[in-house]
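One structure is given here, and the rest of the page talks about it.
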Amino acid sequence: MRVPLEWLYEYVEPHMDAHTLAERLALSGTEVERVEHHGVVSSENFVVGHVLQREKHPDADRLNVCMVDIGGSAPSQIVCGAPNVAAGLTVAVARPGAVMPDGTKLRKAKLRGLESEGMILSERELQISDEHNGIMSLTAGLAPGTPLDQVLNISTDVLVLEITPNRPDCLGIYGVAREVAATTGAQLRPAPWDIDLGSLGELGGVEITVEDAELCPRFTARIFDGIKIDESPLWLKARLMAAGQRPINNVVDVTNYVMLLTGQPMHAFDYDRVAGARLNVRRARPSEQVETLDGQTRTLDEQMVLIEDADGPTSIAGVMGGARSEVADTTSTVISELATWNGPNIHRTSFKLGLRSEASSRYEKQLQPEQTMWGQAVATKLFIEVCGATVRPGTIDIGGPGPELQTIRLREARVNGLLGTVITRERQRQLLETIGFKTADAADGLDVTVPDFRRADVTREADLIEEVSRLDGLEKLPSTLPASGHATGALTSRQRQRRRAVDALAAQGLDEIVGWSFTGPDLNERLRLSAGNAVALANPMSSEQSQLRTTLLGSLLDVSQRNSARGASSLRFFELGAVYLSDGERDGQLPREPQHLAAVLSGPVRAATWRESAPPPADFFTAKGVLGGVLDALGLEWEVAAGHEPFLHPGRSAKVLVDGQEVGWVGEIHPNVAALWDLEDTVAAFEVDLSAVPVAPVAQYRDLVSYPEVREDMAVVVRDRVTAAQILAVVTKSGSPLLAGAEVFDVYRDAARLGEGNVSVALRLAYRVADRTLTDEEVAAQRQRITNALAKELEGKIRAGS
């Protein structure tokens, strides 16, 4: 929404510069994207001129030499190439030193040997319209030398607003003026529709019917005779251009002006081209077609609404008029149509047809029925003033005037309790009345009547409190604790678990990322996964984001690729977030959203030093170590076992088990897969389903043992198929309760000494109890039990000398 301040100041004058006003609006909830300038930067050196004499340039067929009175002691000689320049015209002149809208500074110049002291201006050169085939002619009788900004709107700042869907009342200049008055305390002038030159009652000459009142709550129409199609006056064209609309002709310009001022779109039908002098509003029939004003033929469905005459459809309701009844140069009688349409239906129609217009962007936010008569009042005044029209007595009004206004109780104590401040009842009344609400005293506060233009937005007491707080100043609200009602806030056990996991990864030097929840079908192909459990979006933004992700690995690899392409050598990223799995459930059921934790590591595991110029790269064991740090921090009993995912390197990957249940994977990304992301170094990664792992009980602390532990090493020979985890499990179980710890510190293979298919695993054992120092006999007995258990369960043999 573009709001020229010159136009805005017709209804409210806040007496502050554009940037200060923008800040005040932003603080009250009206987002200002930027402040722009339209027209000339400075109006100095732009004046009214009177052409005294025009002669052909002696050395150029297309140039004229003009003597122009611009209010000085002597006329100025100006060389002009416009074909319509003539003696006696009153024109706009830029004197030397003037800065044009494009930033060009005008200087005295010689054109084909003759000096030119300025420029006679066209409308485009002042950004009043796109017209540049000739100079702009002003009203006769203006005094030469009069500053041009006293005659025309040649310079104005423009606020570019981002209007939220709940505030369609701010899609009109007067609606923004109402907000400005409320936020600055300036006086709001009467609405431009307060005086209506038309009349109510029966209107003859046209028949209008509405078949679907649900989709068209109100339809109004008036007829104007004696229309003369012509250019709009300069002031009207200047305002439209500053607001982002291109002037067309006076009738079309009036419809655009009404929309920009009131927020209510309108459409003008050529009365003589409306077959049968009748209009009917109805739902379209399947595959029914309409040729719209842009020359395109649109195919409709039965959910869309159209307007038809006796010969068939003429326009798509609320979106775009039809070519068959549009205003032409021969138009002399016009039907002004202003209606209220069902907002969601207009949004659906516009989206499905791929056809957006200024009208549809307003209608889809649900305008109110009362606005139609605002527009009729303003249009009537302008058609009479700008088009020389006469309005026929009467107005067709089907469905008016609108629903009854709602009154809401606003409790004074509730306002201050919710905001944590003190705003008096009188101050609340003042703030609400500045934006059009009506108030009446009540026992505990105010009875507030919501105006029609805020009907859809303000429906409950909390909405009124929001209005009071934003207008009084959100920046004034103190920082207070909310009323607790003896309740205490706390994280759930799952939330605490996720936070511990994130902290554990951050402590290991990994950086957290947040990736898109959307992905494309090509991700599954690149990762060699099936798309069976992927959730397809019904309305994707693009094909690259047409599915919900089933793994976090894709976004981690994308981030790794971007960082690698920019020279990063050590990549250590993790993400905690939801994935979406359909699991083949029935249509209409929502997918599961388990919380996954994933990480990727690539490049050196630590920084290079003078003692180690080439640190080892990240590999399977790096990823397993990082994963272990997380799972240990969560207090989980875990292990890895042989397993493989399609995108992992065979033999360098495993599945992750917690309490014997598979919860994820860990391993190195297959080089061919990593190459698809342009990653040349080894990429190690893991991903686990945190929703599938148990929440560990609260940690139990034990007293520090002051007695020394007994340490000894043991080497056991087992078959190569036996894993280290199996060995540790047997040792831990059989060594209890004296065994305090066991770890693998070496693996030795030698077929000649150990036998084919055998491996020696060296263990470091620690024995300790809390109440005494262990004796050699106790340790020896415990060692023998461990030895027997290894032989029985794993066919393990203790190597001689260990």
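The values are calculated or read from the model by the stated rules, or taken from the named source; none is laboratory data. Every value quoted in this text rests on a predicted model; they were computed, and no experiment measured them. All Cβ positions, glycine included, derive from the backbone under ideal geometry; neighbour counts span all protein chains shown. For accessibility, only protein heavy atoms count, side chains too; no ligands or nucleic acids. Shrake-Rupley method; radii C 1.70, N 1.55, O 1.52, S 1.80 Å.
General remarks:
Here's the yes/no breakdown for (1) farther than 27 Å from Q376 by Cβ; (2) part of a helix (DSSP H, G or I); (3) open to solvent by less than 20 Å² (accessible area, probe 1.4 Å):
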{"site": "N166", "(1), (2), (3)": "no, no, no"}
{"site": "C170", "(1), (2), (3)": "no, yes, yes"}
{"site": "V176", "(1), (2), (3)": "no, yes, yes"}
{"site": "T183", "(1), (2), (3)": "yes, yes, yes"}
{"site": "P190", "(1), (2), (3)": "no, no, no"}
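- Residue, farthest from Q497 (Cα to Cα), within region 563-600, restricted to residues that are at pLDDT 90 or above and of a type in the set (S, T, Y): S564
- Of the residues making up region 329-348, those that are among the basic types (K, R) and open to solvent by less than 20 Å² (accessible area, probe 1.4 Å) number 0.
- Filtered residues of region 124-141 (kept if over 23 Å from E55 (Cα atoms) and touching a Lys or Arg at 6+ places or on another chain (Cβ under 8 Å)): I128, S129, D130, E131
- L215 vs. criteria of a type outside the set (D, E), under 34 Å from the mean Cα position of the chain (by Cα), within 30 Å of M304 (Cβ to Cβ) and at pLDDT 95 or above: yes
- Conditions (1) assigned to a strand (DSSP E or B); (2) charged (D, E, K, R); (3) free of Cβ contacts under 8 Å to residues at least 60 places away in the same chain; (4) surrounded by 19 or more Cβ atoms within 10 Å (Cβ to Cβ); number of the one not met by E687: (3)
- Residues that are open to solvent by 60 Å² or more (accessible area, probe 1.4 Å), over 23 Å from G651 (Cα atoms) and either part of a strand (DSSP E or B) or free of Cβ contacts under 8 Å to residues at least 60 places away in the same chain (or both), drawn from region 744-774: A752, R753, R764
- The one condition in (1) modelled with pLDDT of 95 or more; (2) open to solvent by 50 Å² or more (accessible area, probe 1.4 Å); (3) in a strand (DSSP E or B) that V3 fails to fulfil: (2)
- Condition check for G515: part of a loop (DSSP other than H, G, I, E, B) and either charged (D, E, K, R) or under 26 Å from N563 (Cβ atoms) (or both): yes
Conditions (1) out of contact with any Gly (no Cβ under 8 Å at 6 or more places or on another chain); (2) surrounded by 16 or more Cβ atoms within 10 Å (Cβ to Cβ); (3) assigned to a strand (DSSP E or B); (4) not aliphatic (A, V, I, L, M), marked per residue:
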{"site": "S613", "(1), (2), (3), (4)": "yes, no, no, yes"}
{"site": "A623", "(1), (2), (3), (4)": "no, yes, no, no"}
{"site": "L627", "(1), (2), (3), (4)": "yes, yes, no, no"}
{"site": "L631", "(1), (2), (3), (4)": "yes, yes, no, no"}
{"site": "E639", "(1), (2), (3), (4)": "yes, yes, yes, yes"}
{"site": "P646", "(1), (2), (3), (4)": "yes, no, no, yes"}
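- Criterion (among the charged types (D, E, K, R), open to solvent by 70 Å² or more (accessible area, probe 1.4 Å) and within 20 Å of D69 (Cβ to Cβ)) met by exactly one of R107, R124, R95: R95
- The one condition in (1) of a type in the set (A, V, I, L, M, F, W, C); (2) open to solvent by 50 Å² or more (accessible area, probe 1.4 Å); (3) part of a loop (DSSP other than H, G, I, E, B); (4) modelled with pLDDT of 90 or more that A608 fails to fulfil: (4)
- Test result for Y257, surrounded by 23 or more Cβ atoms within 10 Å (Cβ to Cβ) and either among the aromatic types (F, W, Y) or without any contact (Cβ under 8 Å) to a residue 12 or more places away in the chain (or both): yes
- Residue match in region 43-52 (condition: of a type in the set (D, E), open to solvent by 80 Å² or more (accessible area, probe 1.4 Å) and at negative phi): yes
- Condition broken by F351, with the remaining ones in (1) over 17 Å from A221 (Cβ atoms); (2) part of a loop (DSSP other than H, G, I, E, B); (3) open to solvent by 40 Å² or more (accessible area, probe 1.4 Å) satisfied: (2)
- Subset of region 415-431 [closer than 20 Å to S479 by Cβ and not β-branched (V, I, T)]: N416, G417, L418, L419, G420
- Among the residues making up region 135-144, those that are loosely packed, with under 15 Cβ neighbours inside 10 Å and closer than 17 Å to N84 by Cα are T139, A140.
- Qualifying residues in region 64-76 (those that are under 19 Å from K110 (Cα atoms) and not aliphatic (A, V, I, L, M)) - the one most open to solvent (accessible area, probe 1.4 Å): P75
- Number of positions in region 6-60 that are part of a loop (DSSP other than H, G, I, E, B) and of a type in the set (D, E): 5
- The lone exception for K733 - which of (1) open to solvent by 50 Å² or more (accessible area, probe 1.4 Å); (2) closer than 22 Å to A654 by Cα; (3) touching a residue at least 40 places away in the same chain (Cβ under 8 Å) it fails: (2)
- Total residues in region 260-286, condition hydrophobic (A, V, I, L, M, F, W, C), farther than 17 Å from Y174 by Cβ and crowded, with 20+ Cβ neighbours inside 10 Å: 6
- Screening the candidates I384, I346, I335 for the property of being modelled with pLDDT of 95 or more, more than 30 Å from E302 (Cβ to Cβ) and not hydroxyl-bearing (S, T, Y) yields one hit, I384.
- Output for region 648-662, where each listed residue is assigned to a loop (DSSP other than H, G, I, E, B) and either open to solvent by less than 50 Å² (accessible area, probe 1.4 Å) or without any contact (Cβ under 8 Å) to a residue 12 or more places away in the chain (or both): G660
- Residue in region 320-328 that is of a type in the set (S, T, N, Q), buried (at least 23 other Cβ atoms within 10 Å of the Cβ), modelled with pLDDT of 95 or more and touching a helix residue (DSSP H, G or I) at 6+ places or on another chain (Cβ under 7 Å) present: no
- Check on T220, open to solvent by less than 10 Å² (accessible area, probe 1.4 Å), among the polar types (S, T, N, Q) and touching a residue at least 60 places away in the same chain (Cβ under 8 Å): yes
- Conditions (1) modelled with pLDDT under 95; (2) surrounded by fewer than 17 Cβ atoms within 10 Å (Cβ to Cβ); (3) closer than 30 Å to S469 by Cβ; number of the one not met by S28: (2)
Per-residue answers, yes or no, for (1) over 15 Å from V176 (Cα atoms); (2) under 26 Å from the mean Cα position of the chain (by Cα); (3) modelled with pLDDT under 95; (4) loosely packed, with under 14 Cβ neighbours inside 10 Å:
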position	(1), (2), (3), (4)
Y9	no, no, no, no
R62	yes, no, yes, yes
I78	yes, no, yes, no
A87	yes, no, yes, yes
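- For S546, the stated conditions do not hold, so it cannot be described as within 19 Å of E645 (Cα to Cα), hydroxyl-bearing (S, T, Y), under 24 Å from the mean Cα position of the chain (by Cα) and open to solvent by less than 30 Å² (accessible area, probe 1.4 Å).
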